[in-house]
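Trainee: Sharing a structure, written as structure tokens. Questions coming.
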Amino acid sequence: MINIAFGLDNNFAPHCAASMASILSNHKILSDEDKIHFFFFGNLDDDNKEKLLSLKEIQDFESDFIGIDCSEFSKLPLRNGQQVAIYNVLLIPNLLPQQIKKVIVLDCDTIVNTDISQLWKIDIKSSLVAAVKDNYMGKRNYFNSGVMALNVPKLREFGFYEKWKEYVKYNVEKMTLHDQDILNPVLMSNIFYLPVNWNVHHGIFLTLYDKYGKKDIDSFLSFCYIVHYSTKIKPWHPLPVHPLKCLYFKYAAMTPWKNKFQKHSFYAKTKSFLRILLKYWFVHPAFMFKPKFWRKIKQKGWLMTLY
């Protein structure tokens, strides 16, 4: 079995479904060992569970829904509108069945653009975790937690649960990126770094899209094994327009939530644009005449500075 885990809640169930659809659509089952087993870590209502399970129409899979005691995270900070479910990943090694040796953990805002078995087959040796680097704030040897392969027995032997609980007692004020700012300092001694293709997060995306994507989008997409929409700029937001928004909607259209995204009509986009522009104008009434504003648009894309 290929074990894949998501940490989620009801709000992120539709986006988890899009990620699942991308996995199932690109995966080939050649033997029983290739079958996918999804683990959903979070407190979901029955309707959302049924909708996630309906994706078996794309390809059959095994599944387990594992509830989370959210009181575990009562003292952890939530910033930028994040929900407490962002910390669910911290409980995965302890709550998985004992027979599970390895699991791929994905954020719900990821789209898998290749056969996930290629990632599963990477030998992470005796490392605790395999992940892609994230040059956040210039930090060295810092990884992005949106795509990880976990060595479950090693993490239990390491005492991961006890270590992260101890860490947050004294370091809550240092946390700006939620679970990522716990996972990195606790696991920094034993990380296997994956090629950047396996987590094309915001930092990697900006650099490579400007260089290659605008010239040859097909070649750029073939490079992106997993696209991670890792900032506030999500493809399901009407504005600003993410350059790879269509990749997300390709798979979202395969899910029971496909009608949910009708709000992305021309009318909704126009209404959101006017609302954001008006709000920005009140703060910076002369923004049209500021060179800095136009430089940012050129560097990052139209309206990205408004979020």
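The values are calculated or read from the model by the stated rules, or taken from the named source; none is laboratory data. Computed from a predicted structure; not experimentally measured. A quick note on method: Cβ atoms are made from the backbone with ideal geometry, for glycine too, and the neighbour counts reach across all protein chains shown.
Trainee: Being out of contact with any Ser or Thr (no Cβ under 8 Å at 6 or more places or on another chain) and surrounded by fewer than 22 Cβ atoms within 10 Å (Cβ to Cβ) is the filter; apply it to region 25-43 and report the residue that is nearest to residue 145 (Cα to Cα).
Mentor: Among those that are out of contact with any Ser or Thr (no Cβ under 8 Å at 6 or more places or on another chain) and surrounded by fewer than 22 Cβ atoms within 10 Å (Cβ to Cβ), it is 43.
Trainee: On the given criteria, is residue 97 out of contact with any helix residue (DSSP H, G or I) (no Cβ under 6 Å at 6 or more places or on another chain) and assigned by TED's automatic domain parsing to the domain that holds residue 13?
Mentor: The answer is yes for residue 97.
Trainee: Only one of these is loosely packed, with under 14 Cβ neighbours inside 10 Å, in a helix (DSSP H, G or I) and at negative phi: 170, 161. Name it.
Mentor: Going through 170, 161 in turn, just one is loosely packed, with under 14 Cβ neighbours inside 10 Å, in a helix (DSSP H, G or I) and at negative phi: 170.
Trainee: Looking at region 1-14, I want the residues that are closer than 13 Å to residue 63 by Cβ and touching a residue at least 60 places away in the same chain (Cβ under 8 Å) and have a partner that is crowded, with 22+ Cβ neighbours inside 10 Å and of a type in the set (Ser, Thr, Tyr) with Cβ atoms under 9 Å, at least 6 apart or on another chain. Which pairs are those?
Mentor: Once the first residue is closer than 13 Å to residue 63 by Cβ and touching a residue at least 60 places away in the same chain (Cβ under 8 Å) and sits in region 1-14, its partners that are crowded, with 22+ Cβ neighbours inside 10 Å and of a type in the set (Ser, Thr, Tyr) give 6/19.
Trainee: Further question: If the requirement is being within 25 Å of residue 223 (Cβ to Cβ), touching a residue at least 12 places away in the same chain (Cβ under 8 Å) and among the hydroxyl-bearing types (Ser, Thr, Tyr), which of these qualifies: 142, 167?
Mentor: Just one listed residue meets the conditions, 142.
Trainee: If I go through region 213-230 residue by residue, how many of them are modelled with pLDDT under 80 and assigned to a loop (DSSP other than H, G, I, E, B)?
Mentor: Result for region 213-230: 3.
Trainee: So, in region 50-92, of the ones that are exposed (fewer than 15 other Cβ atoms within 10 Å of the Cβ), part of a loop (DSSP other than H, G, I, E, B) and at pLDDT 85 or above, which residue ends up nearest to the chain's Cα centre (by Cα)?
Mentor: 67
Trainee: Same structure again: Go through region 241-279 and give me each residue that's in a loop (DSSP other than H, G, I, E, B), touching a Leu at 6+ places or on another chain (Cβ under 9 Å) and at pLDDT 80 or above.
Mentor: Those that are in a loop (DSSP other than H, G, I, E, B), touching a Leu at 6+ places or on another chain (Cβ under 9 Å) and at pLDDT 80 or above: 244, 254, 255, 256.
Trainee: Condition first: over 16 Å from residue 199 (Cβ atoms), of a type outside the set (A, V, I, L, M) and crowded, with 21+ Cβ neighbours inside 10 Å. Now tell me which residues in region 117-158 satisfy that.
Mentor: 151 - this is the single residue of region 117-158 that is over 16 Å from residue 199 (Cβ atoms), of a type outside the set (A, V, I, L, M) and crowded, with 21+ Cβ neighbours inside 10 Å.
Trainee: Next question, about the same structure. Just give me the residues in region 15-42 being among the polar types (S, T, N, Q) and free of Cβ contacts under 8 Å to residues at least 40 places away in the same chain, in sequence order.
Mentor: 31
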